[in-house]
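A quick write-up on the structure given underneath.
Throughout, read-outs are computed from the coordinates displayed, never taken from laboratory work. Quantities reported herein were computed from a predicted structural model and do not represent experimental measurements. Here Cβ is always computed from backbone atoms with ideal geometry, including for glycine, and neighbour counts include all displayed protein chains.
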């Protein structure tokens, strides 16, 4: 596992169901935010990639919800790269309740690098090194 990126999010009212719990779908938004900021921290923004005609497409999202997160609670979203191989880039994610550190959700998000026509493109050794901190 590569270095973990962490960001704090406060659960906003429109992200909640009528019971005041964060809606399950909002976790996917938080995971997207984590991926975006992790990549930015590695010197590769989605916007820069898209300008060159390359896109990261989510092809699978596996989420395990462990306990609810409530309105106005703060959580830490952790994101890391688990694997880069071929055109596949797999991210690990965890949402932890602030103060307790208790995991509220865990996820594996599998993405693929594709061109503007949706055709897969392999990551170069330089891409892999930049994202994982490894030596090409």
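Remarks
- Gain in span if fully extended, residue 60 to residue 29, counting 0.36 nm per residue against the direct Cα distance: 9.7 nm
- Hydrodynamic radius of the chain per Kirkwood, over alpha carbon pairs, in Å: 15.6 Å
- Nearest 10 degrees, 0 to 90: helix 24-41 Cα axis against the chain principal axis: 40 degrees
- Order by protection proxy (mean Cβ within 10 Å, highest first), peptides 69-79, 35-45, 120-130: 69-79, 35-45, 120-130
- Annotation for the stretch 70-135 versus the stretch 20-68: alpha-carbon center distance of 7 Å.
- Extension gain (nm, one decimal) between residue 98 and residue 115, 0.36 nm per residue minus Cα-Cα: 2.3 nm
- Ranked packing of 100-109, 8-17, most packed first, by mean Cβ within 10 Å: 100-109, 8-17
- Relative contact order (percent, whole number), the chain, Cα cutoff 8 Å, 6+ residue spacing: 28 percent
- Extension gain, residue 85 to residue 13: 0.36 nm times the residue separation minus the Cα-Cα distance gives 22.0 nm.
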